[in-house]
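What follows is a single structure, written as structure tokens, with notes after it.
The values are calculated or read from the model by the stated rules, or taken from the named source; none is laboratory data. All figures in this text were calculated on a predicted structure; none of them were measured in a lab. Glycine also receives a Cβ, built like all others from the backbone with ideal geometry; neighbour counts cover every protein chain displayed. Accessible surface is based on the protein model in full, side chains and every heavy atom, while ligands, DNA and RNA are left aside. Shrake-Rupley method; radii C 1.70, N 1.55, O 1.52, S 1.80 Å.
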Amino acid sequence: VHAAPPDTDTAKPDPCALFKPDELAKLLGGTPVAKAKGASCSWSVEGSSRKLIALKYPGTGMAADMAYMSAKKNAAKGGTVTNEAGLGDSAYSRMESFGVSLVAIKQGHLIQLQYAAGVAGTAKDLEDLRPVAKKAIEGL
């Protein structure tokens with residue numbers, strides 16, 4: 001009798017493992033502290049209004065693909081969605097009232113990043129988020 005190997009993709013993802021604090025210091029303006037909450041993690045620096053929130057979707061494969069397409073469709077209803085080249089298999093960003101968001105899928109793994117700047121998002125906020133997003137996506 002063969003026992004099936006454990007399916008590591010069903011393990012709960014640890015979004016706080018995406019970044020080391022020094023990798024976010026430039027984006028957040030200091031050494032951040034990570035706080036996990038379910039499938040998400042937020043990083044912030046004491047006294048700063050800036051925050052990064054990462055959500056690793058726990059599903060993979062087709063479920064993640066469907067979630068990505070649904071999220072993109074819903075994002076387009078509420079504003080302008082911009083395709084992001086060179087980030088995973090497919091990615092898009094959107095300016096938000098709180099900052100910017102970026103959602104990407106790579107090999108059936110889905111991640112959403114929200115960079116809260118404390119004010120409406122700008123092109124500079126998105127520019128600052130892209131290298132952080134690239135690092136996270138490469139680690140999927």
Worksheet, complete the sentence: All conditions in (1) open to solvent by 40 Å² or more (accessible area, probe 1.4 Å); (2) closer than 21 Å to PHE19 by Cβ; (3) in contact with a strand residue (DSSP E or B) (Cβ under 6 Å, 6 or more places away or on another chain); (4) not aliphatic (A, V, I, L, M) are true of GLN107 except (3)
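Sort through ALA91, ALA123, ALA76 and tell me the only one that's free of Cβ contacts under 8 Å to residues at least 60 places away in the same chain, of a type in the set (A, V, I, L, M, F, W, C), within 20 Å of GLY29 (Cα to Cα) and touching a strand residue (DSSP E or B) at 6+ places or on another chain (Cβ under 9 Å).
Details: ALA91 fails: within 20 Å of GLY29 (Cα to Cα); ALA76 fails: within 20 Å of GLY29 (Cα to Cα).
The conditions single out ALA123.
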Response to the item:
Cβ pairs under 6 Å, 6+ apart or interchain, first in the range 57-71 and over 11 Å from ILE105 (Cα atoms), second not in a loop (DSSP other than H, G, I, E, B), ordered by first then second residue, are ALA71/VAL103
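Being more than 15 Å from the chain's Cα centre (by Cα) and open to solvent by 70 Å² or more (accessible area, probe 1.4 Å): is that true of LYS73 here? Full working, then the answer.
Numbers: more than 15 Å from the chain's Cα centre (by Cα): yes; open to solvent by 70 Å² or more (accessible area, probe 1.4 Å): yes.
Taking the combined requirement at face value, the residue satisfies it.
Rundown of residues vs (1) part of a strand (DSSP E or B); (2) under 16 Å from GLY139 (Cα atoms); (3) out of contact with any Asp or Glu (no Cβ under 7 Å at 6 or more places or on another chain); (4) charged (D, E, K, R), yes/no style:
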| residue | (1), (2), (3), (4) |
| --- | --- |
| ALA36 | yes, no, yes, no |
| CYS41 | yes, yes, yes, no |
| PRO58 | no, yes, yes, no |
| GLY88 | no, yes, yes, no |
| ARG94 | yes, no, yes, yes |
| SER97 | no, no, yes, no |
Item to complete: Identify the residue in the range 10-34 that is under 23 Å from ASP89 (Cα atoms) and part of a loop (DSSP other than H, G, I, E, B) and, among all such residues, is least open to solvent (accessible area, probe 1.4 Å).
Response: PHE19
Fill in: Subset of the range 45-56 (residues that are open to solvent by 50 Å² or more (accessible area, probe 1.4 Å), part of a loop (DSSP other than H, G, I, E, B) and not polar (S, T, N, Q))
GLU46, GLY47, ARG50
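Kindly indicate whether any position in the range 45-68 is basic (Lys, Arg) and under 19 Å from GLU127 (Cα atoms).
Step one: list which residues in the range 45-68 are basic (Lys, Arg), which gives 50-51, 56.
Going one step further and asking which of them are under 19 Å from GLU127 (Cα atoms), we end up with 50-51.
Yes, because at least one residue in the range 45-68 is basic (Lys, Arg) and under 19 Å from GLU127 (Cα atoms).
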